[in-house]
Amino acid sequence: MERVRIAFPETPPLFETVVPVRIGDINYGGHMGNDAFLSVMHEARMQWLRRHGCDELRAGGVSLIMADVRIAYKAEAFYGDELLVRLYVADSTDRSFSLLYRISTLREGRQTDVVHAGTTMVCFDYATRSVARMTDALGAMLGA
């Protein structure tokens, strides 16, 4: 079976943040649950949008909706870990773009990748319930 592979661009990250692993993120295996990683990705995305005075309903003049998610698990994360989330942009079109998430933690003095992930974000108009065109303002936030 083919594994999910995320290729990160050589460019600097679009955004970086640190998200702590909370006790509620831990599952019966004693490590961070897969659903909690999706929550961390959402948190990082919202922090990036907020930095620009936006949110997912008002992102540079358009709303955003997630079309898909890809997650490749690289290592376990545990309660008390500080997760460094680096956000990259890829595959931008006039209606959608991918956000890539490189999530790591400090282990034994070095950064260890925990998750490589990606989400496809689609520009959306909630009034008409349809896909919309990306605005110049959102394009600028993406570095386009």
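Read the figures in this text as sums done on the coordinates, not as results from a lab. Every value quoted in this text rests on a predicted model; they were computed, and no experiment measured them. Glycine also receives a Cβ, built like all others from the backbone with ideal geometry; neighbour counts cover every protein chain displayed.
Quick notes on this one:
- Check: the chain dipole with +1 on Lys, Arg Cβ and -1 on Asp, Glu Cβ, in debye: 120 debye
- Positive end of the dipole of the chain (Cβ unit charges, origin at the Cα centre): among ALA127, ALA44, GLY29, the Cα lying farthest that way belongs to ALA127.
- Peptides 79-89, 120-130 ordered by packing proxy, namely the average of other Cβ atoms within 10 Å per residue, highest first: 79-89, 120-130.
- For LYS74, the residues whose amide H sits under 5 Å from its own are VAL115, HIS116, ignoring neighbours fewer than 5 places away on the same chain, with H placed 1.01 Å from N.
- Ranked packing of 9-21, 39-51, most packed first, by mean Cβ within 10 Å: 39-51, 9-21
- Less than 5 angstrom separates the built amide H of VAL89 from those of LEU14, LEU100, all sequence-distant by 5 or more or on a different chain.
- Converting phi to 3J(HN,Hα) with the Karplus coefficients 6.51, -1.76 and 1.60 and the offset θ = phi - 60°, the stretch 40-47 yields 5, 4, 4, 4, 4, 4, 5, 5 Hz in sequence order, with x at every glycine or proline.
- Taking Cα centre as origin and charging only the Cβ of basic (Lys, Arg, +1) and acidic (Asp, Glu, -1) residues, the dipole magnitude of the stretch 1-53 rounds to 120 debye.
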